[in-house]
Amino acid sequence: MRDSFGRTIDYLRLSVTDRCNLRCRYCMPEEGVAPLNHGEILSYEELLRVAEAAARLGVRKIRVTGGEPLVRKGIVGFISRLAALPESPEITLTTNGLGLAEMAPELKAAGLSRINVSLDTLREDRFKGITRRDGLSKVLAGLEAADRAGLTPLKINMVPIRGVNEDEIADFAHLTREHPWEVRFIEFMPVSDGLDYTPENRFSAAAIMEALGREGELIPIPRQGPAGPARLFRYPDGLGRLGVIPAVSDHFCGECNRLRVTADGRIRTCLFSDAEIDLRSALRGESPGVSLEELLRTAVGEKPERHRIGEEDFQHGSRRMQKIGG
């Protein structure tokens with residue numbers, strides 16, 4: 001599938017739940033948010049139908065997201081059904097890592113290719129401050145378990161936030177000297193308002209690069225295969241890689257190859273846009289004569305050229321990140 005700007009759309013982010021076992025300050029308020037009702041969430045059978053249609057149209061990578069996908073019962077079985085699709089798309093997953101130590105071997109056996117773990121601090125007290133929950137030791141154990149299980153290359157997503165954790169960039173970078181992991185530093189994205197962190201807390205990609213450069217020579221790594229959002233580097237003595245994702249200051253919209261499907265069955269054409277297309281009605285027979293393939297093609301045709309963060313007319317979306325799927 002190609003959109004109106006010539007981009008090939010071959011990547012689907014599929015949210016299986018809006019529920020999460022953390023309460024991260026840049027994602028939701030302390031009291032949490034009201035979860036969707038059971039009937040509002042797509043069943044695994046419905047999600048599989050969406051994945052099947054997307055794969056028939058040329059999607060070659062499916063990332064399972066949430067909320068926190070590992071809190072939904074039956075997730076391992078669902079992964080195995082995705083991995084068995086005739087088109088054999090690559091199946092990946094993003095998690096906060098709390099349940100990963102126990103589930104990593106099962107996920108690998110089910111056909112999961114690799115995994116991304118979102119982790120913003122290596123300090124127990126700060127972990128609790130950012131997420132409002134305990135659990136850093138579980139996440140670190142999950143990283144080791146995923147590595148042993150072969151869910152590699154293992155990627156860690158770290159969001160440096162000014163005044164909160166930007167002093168840990170060096171500690172995260174050091175992980176790539178000890179492990180063959182990819183640590184990716186992502187600019188803070190103000191997806192919604194009313195949270196504890198504001199656009200003023202953004203630690204820019206330029207500042208991230210400066211902090212990484214103080215720890216050693218950064219050797220650029222040429223991109224191989226489809227272009228991704230990260231600019232890749234390594235240290236001369238590193239086993240792993242460093243990635244910097246300038247999500248706001250130097251957006252990668254020109255290379256965007258993805259669609260997002262929310263847990264309640266809406267296609268999002270852009271992370272930062274409230275424009276959505278209803279899949280759930282078609283899945284449940286409420287839109288006679290409308291096929292999933294037709295709706296997916298419509299979504300591709302309606303993808304905007306770029307997001308508008310930082311511009312005068314930018315408005316925060318109505319959904320918070322855990323209800324979008326990242």
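Taken together, the values in this text are just the output of simple stated rules run on the coordinates, not laboratory data. Since this is a predicted model, take the numbers as computed values, not measurements. All Cβ positions, glycine included, derive from the backbone under ideal geometry; neighbour counts span all protein chains shown.
The figures follow:
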| item | result |
| --- | --- |
| Computed Rg/Rh of region 220-270, alpha carbon atoms with Kirkwood Rh | 1.10 |
| Burial ranking of peptide ranges 58-68, 235-245 (average Cβ count within 10 Å, highest at the top) | 58-68, 235-245 |
| Ordering of 254-265, 127-138, 283-294 by packing [mean C-beta count within 10 Å, highest first] | 254-265, 127-138, 283-294 |
| Amide proton proximity set for V64, modelled H, under 5 Å, gap of 5+ | L14, T92, L93, T94 |
| Cα-centred dipole magnitude for region 96-251, charges only on beta-carbon of K, R (+1) and D, E (-1), debye, nearest 20 | 440 |
| Two-site FRET efficiency, E106 against E200, from Cβ-Cβ distance with R₀ of 41 Å, rounded to 0.05 | 0.45 |
| The chain - percent relative contact order, Cα under 8 Å, separation 6 or more | 22 |
| Taking region 115-164 and dividing mean pair separation by its residue count, relative contact order in percent (alpha carbons under 8 Å, at least six apart) | 53 |
| Mean ellipticity per residue at 222 nm, deg cm²/dmol - from DSSP H runs of n ≥ 4 across the chain, formula -39500 (n - 2.57) | -8000 deg cm²/dmol |
| Sequence of F203, F272, F252 once ranked by neighbouring C-beta atoms within 10 Å, starting from the fewest | F252, F203, F272 |
| About the Cα centre, charge dipole magnitude for the chain (Lys/Arg +1, Asp/Glu -1 at Cβ), debye | 720 |
| Segment A83-D171, extension gain: residue separation times 0.36 nm, minus the distance between their alpha carbons | 28.2 nm |
